[in-house]
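Asks: Can you keep this structure in mind? I'll have questions shortly.
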Amino acid sequence: MDFRKIFDISVPSEMFDKWRTRYCRECFGDVIEHSQLGTGKAALEIGPGTGQATEPILKTGCSYTAIELGENFTEAMKRKFGLYDNFQIVNADFEKYDFGENKFDLVYSAATIQWIPEEIAFPKTFKLLKSGGTLAMMATGTDYEYANGDLWSEIEKVYEQYFRPETQYTCSFTNSNAVNYGFTDYEIRSYYTTRILNADEFVLWTSIMAPHLTLREPYKSKFFEGIRNAVLSFGDRIILNDTIILNMARKP
């Protein structure tokens with residue numbers, strides 16, 4: 001199996017759409033301002049999944065194109081955004097797809113570009129951008145240690161005992177290396193949000209992470225039962241502090 005398709009193959013699109021960590025309005029606002037996106041402009045989203053970072057870009061009125069590797073997620077995107085006149089999506093591998101002479105004012109990804117080798121991702125996005133165009137790379141990180149104290153310790157015990165994924169997530173990507181491929185004006189911005197989940201919600205959110213999807217029995221059931229019981233034992237409540245990270249660079 002192509003591990004890049006682990007989400008598309010293993011998670012129903014409705015479930016992925018509901019539990020994937022969201023990006024904030026301020027982040028989208030900064031991307032749109034940086035790229036001066038609007039009617040008459042063009043944007044390319046790499047690997048949109050089920051569209052966690054799609055609608056704010058569509059609503060600018062730009063010509064929006066997505067390229068999605070997963071067949072199921074591609075169909076989910078069509079159902080979700082197909083009524084937008086400025087929406088189009090290609091079910092293909094970004095690394096291999098020929099975009100022809102198409103050029104974009106914005107090329108962006110939300111927790112996707114790190115699955116592509118840097119030596120492919122940066123030169124190809126550079127080529128696809130118009131002069132002055134924006135490369136935006138968004139990602140999220142979630143901390144639940146600081147706000148939950150002893151609950152975090154109990155969850156860590158479950159990880160130590162039962163977390164035995166068949167495939168580890170090993171993607172390595174340094175966003176700042178964009179400057180080594182011709183990009184300029186590299187910058188990074190961060191935004192902070194908080195969520196509160198109950199035990200069942202925490203299990204669902206955790207279950208769609210890439211390595212967790214490769215858990216097999218007898219560890220799988222014991223792992224998810226363990227983290228569920230940990231949250232239940234602390235009042236059926238866990239606080240998640242999300243950091244949304246936006247890396248941007250410009251093609252001269």
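Laboratory data are not the source of any read-out in this text; all were calculated from the coordinates shown. This is a predicted model, so every value here is computed, not measured. Because the Cβ atoms are built from the backbone with ideal geometry, glycine has one as well, and the counts that use them run over all protein chains shown.
Asks: Which three extents, in whole angstrom, do the alpha-carbon atoms of the chain cover along their principal axes, largest first?
Replies: If we take the Cα atoms of the chain, the spans are 55, 36, 34 Å.
Asks: Find the Cα radius of gyration of the range 1-65, compare it with 2.2 N^0.38 Å by division, and give the number to two decimals.
Replies: 1.28
Asks: Helix-only mean residue ellipticity at 222 nm, the chain, DSSP H runs n ≥ 4 weighted -39,500 (n - 2.57), per residue, nearest 500. What is it?
Replies: Roughly -10000 deg cm²/dmol at 222 nm, from the helical runs in the chain.
Asks: Within a Cβ distance under 9 Å of ILE67, other residues only, what is the Lys/Arg minus Asp/Glu net charge?
Replies: Summing Lys/Arg as +1 and Asp/Glu as -1 gives -3.
Asks: With +1 assigned to the C-beta of every Lys and Arg and -1 to the C-beta of every Asp and Glu, and no other charges, what is the dipole magnitude of the range 111-252 about the Cα centre in debye, to the nearest 20?
Replies: 680 debye
Asks: How do ILE188, ILE32 rank when sorted from fewest to most other Cβ atoms within 10 Å of their own Cβ?
Replies: Ordered from fewest to most neighbouring Cβ atoms within 10 Å, ILE188, ILE32 come out as ILE188, ILE32.
Asks: List the chymotrypsin sites (Phe, Trp or Tyr not before Pro) within the range 120-220 that DSSP assigns to loop and that have no more than 10 neighbouring Cβ atoms inside 10 Å.
Replies: Hits after loop and neighbour filter: TYR146.
Asks: Of the cross-linked pairs LYS157/LYS220; LYS5/LYS251; LYS5/LYS80; LYS59/LYS130; LYS18/LYS222, which ones have a Cα-Cα span greater than 26 Å in the structure shown?
Replies: Where the Cα-Cα span goes over 26 Å, the pairs concerned are LYS5/LYS251.
Asks: log₁₀ I(q)/I(0) of the range 1-121 at q = 0.12, 0.13, 0.23 Å⁻¹, via Debye over equal Cα point scatterers, no solvent, to two decimals?
Replies: For the range 1-121, the Cα-only Debye profile gives -0.41, -0.49, -1.56.
Asks: Please name whichever of SER172, LEU129, TYR162 sits farthest to the positive end of the charge dipole of the range 129-191, dipole taken about the Cα centre and charges placed at Cβ: Lys and Arg +1, Asp and Glu -1.
Replies: Among SER172, LEU129, TYR162, the one farthest towards the positive end of the dipole of the range 129-191 is LEU129.
Asks: With unit charges on the beta carbon (Lys/Arg positive, Asp/Glu negative), name the residue among LEU240, ASN198, PHE223 whose Cα is farthest towards the positive pole of the charge dipole of the range 174-243.
Replies: PHE223
Asks: For the chain, the longest stretch holding no GluC sites (Glu not before Pro) located in a DSSP loop with at most 16 other Cβ atoms within 10 Å is which?
Replies: It runs 1-94.
Asks: Separation of the range 113-172 and the range 83-105 by C-alpha centroid, Å?
Replies: Their Cα centres are 24 Å away from one another.
Asks: Rounded to whole Å and sorted largest first, list the principal axis extents of the Cα atoms in the range 142-216.
Replies: Principal-axis extents of the range 142-216 (Cα, largest first): 45, 30, 19 Å.
Asks: Right, something else. Could you bin all the Cα-Cα distances of the range 60-176 into 5 Å bins starting at 0 and give me the percent of pairs in each, rounded to whole numbers?
Replies: Result, from short to long distances: 2, 8, 14, 17, 17, 13, 9, 8, 7, 4, 1, 0 percent.
Asks: Counting only Cα, what are the radius of gyration and maximum Cα-Cα distance Dmax of the range 109-252, in Å?
Replies: Cα radius of gyration and Dmax of the range 109-252 are 18.8, 56 Å respectively.
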